[in-house]
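Worksheet: one structure, shown below.
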Amino acid sequence: MPFHLRSSHTALPLVAVIIFENQMQEGDSMAVEAIYSFLTYPKRSHAEEASMSGTEIPLDDGKLCKMLRDIFDNAGKDCNVPVMFTSDGDKQENAVRSELLALLETPGVATAAPLASRLQNATSGTSGMGLLFICMGQGADHTRVVISRFPADEGVVAEKSTSKLTVQFVEQVFLKSAFSYKAATYTSNGKPNQLWSGHVVDKQINHGSKAVADYWIVDFLRSEFSTTAAQGTKRLASALRAAIAATTTMEIKGEITSAAHLAGNLPKKAMTIADFCDSFHFSERTKQAILSKVSPARLVHEKFRFDAAEFSRHLAYKQVELDNGAVLTAPADKFEECFKETKRKDVHTFSTTGAVVDERLKKTK
């Protein structure tokens, strides 16, 4: 049975919003109630927003709806990167969260349009045109929202002869790239503090520390990784420090201290503790020594933005112990400046010059 189309003409991109409603039991799927759709253009490539029609697509058992339903049903598993909305200034408010709450309160093309417009404004020419789908499913005591964006084939879009959208056109564009998309999912429970956190995925990026495009999280969703830069960086520094303390292997100690010295030059980018190890090409022994100190172990793969200043606060000093009992300590990023080292076979000679500013006896090193 063919789709029928009801459209509302607004100067906005093509986004699809799907509402799923059912008394959801454990393992049950939610039935699709509505889909709203807009086509988004990259703002930097278009000085003015293209005039597009917001579209509500009646539902059937066609391929388009089946695939969108699968994406919604699997979002809880596929969206595995936790994020949280950031507050605007000192107020506990977030514009995207407010737009989602408005959509939940009154589902429709008009309330979906601000999200479509926001995506268009956040999209650069590199990302190109796209189809955005916003899916909602209502259970007995909560509503799930899934937002997903698919790249739009410019050749297909160029063939569109009128400003009016058709379901056939949406389906044609969607099926060209149905398995390459970005998504975010949120759960509403009706409480005042609802919808502050969610999960995202980027299936257009295959691997690496940049698991989700920044424009999707930061510019469009106005969110950040749930593990803050300070929390994640402190956890990393603690694991490095614990690994050094727990091992007697000089190779492991040397690799970690060298990385600590160079870490201040790392950009403030998204990474996991495992990514940090890989970026410095640690040996497998060193990597496992570090990862074993992360508790709980699942946090090894949790994303955060590395903060060099925070890192230096928690892993600020490099310490070298010699077999004659001497212990040399200095800021990790200035150790080579403080101590001049010469080496002959296995014998290391360190020298330094400075004024004595403190002297004390300690029971421990």
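Results for (1) at pLDDT below 75; (2) under 29 Å from Asp214 (Cα atoms); (3) among the small types (Gly, Ala, Ser), shown as yes or no for each residue.
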residue	(1), (2), (3)
Thr143	no, yes, no
Val146	no, yes, no
Val156	yes, yes, no
Ser163	yes, no, yes
Val167	yes, no, no
Phe174	no, yes, no
Ser177	yes, yes, yes
Lys182	no, yes, no
Tyr186	no, yes, no
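The rows are residues; the columns are (1) out of contact with any strand residue (DSSP E or B) (no Cβ under 6 Å at 6 or more places or on another chain); (2) touching a residue at least 40 places away in the same chain (Cβ under 8 Å); (3) not acidic (Asp, Glu).
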position: Phe72; (1), (2), (3): no, yes, yes
position: Glu93; (1), (2), (3): yes, no, no
position: Thr111; (1), (2), (3): yes, no, yes
position: Ser117; (1), (2), (3): yes, yes, yes
position: Val145; (1), (2), (3): no, yes, yes
Point to revise | Matching residues in the stretch 90-110 - criterion: being among the charged types (D, E, K, R) and either assigned to a loop (DSSP other than H, G, I, E, B) or loosely packed, with under 14 Cβ neighbours inside 10 Å (or both) | key: Asp90, Lys91, Glu93, Glu105
Review point. Taking the stretch 66-115 only, how many residues are within 20 Å of the chain's Cα centre (by Cα) and of a type in the set (Gly, Ala, Ser)?
Key: 4
**Study point:** Any chance Thr353 is at pLDDT 90 or above, among the β-branched types (Val, Ile, Thr) and touching a strand residue (DSSP E or B) at 6+ places or on another chain (Cβ under 6 Å)
**Key:** no
**Study point:** Positions within the stretch 283-313 being surrounded by 14 or more Cβ atoms within 10 Å (Cβ to Cβ), out of contact with any strand residue (DSSP E or B) (no Cβ under 9 Å at 6 or more places or on another chain), over 17 Å from Ala246 (Cα atoms) and not β-branched (Val, Ile, Thr), in sequence order
**Key:** Leu299, His301, Asp307, Ala308, Glu310, Phe311
Review point. Which of the residues spanning the stretch 204-226 are modelled with pLDDT under 90 and in a loop (DSSP other than H, G, I, E, B)?
Key: Gln204, Ile205, Asn206, His207, Gly208, Ser209, Lys210, Ala211, Val212, Ala213, Ser226
**Study point:** Residue in the stretch 234-277 that is surrounded by the most Cβ atoms within 10 Å (Cβ to Cβ), counting only those that are out of contact with any helix residue (DSSP H, G or I) (no Cβ under 8 Å at 6 or more places or on another chain) and assigned to a helix (DSSP H, G or I)
**Key:** Asp275
Exercise for review: List the number of the failed condition for Gln319; all other conditions in (1) closer than 25 Å to Thr248 by Cβ; (2) crowded, with 18+ Cβ neighbours inside 10 Å hold.
Suggested key: (2)
Check your understanding: Does Asp307 fit the bill of being of a type in the set (Asp, Glu) and in contact (Cβ under 8 Å) with a residue 40 or more places away in the chain?
Key -> yes
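The values are calculated or read from the model by the stated rules, or taken from the named source; none is laboratory data. Everything quoted here is computed from the prediction, not taken from an experiment. All Cβ positions, glycine included, derive from the backbone under ideal geometry; neighbour counts span all protein chains shown.
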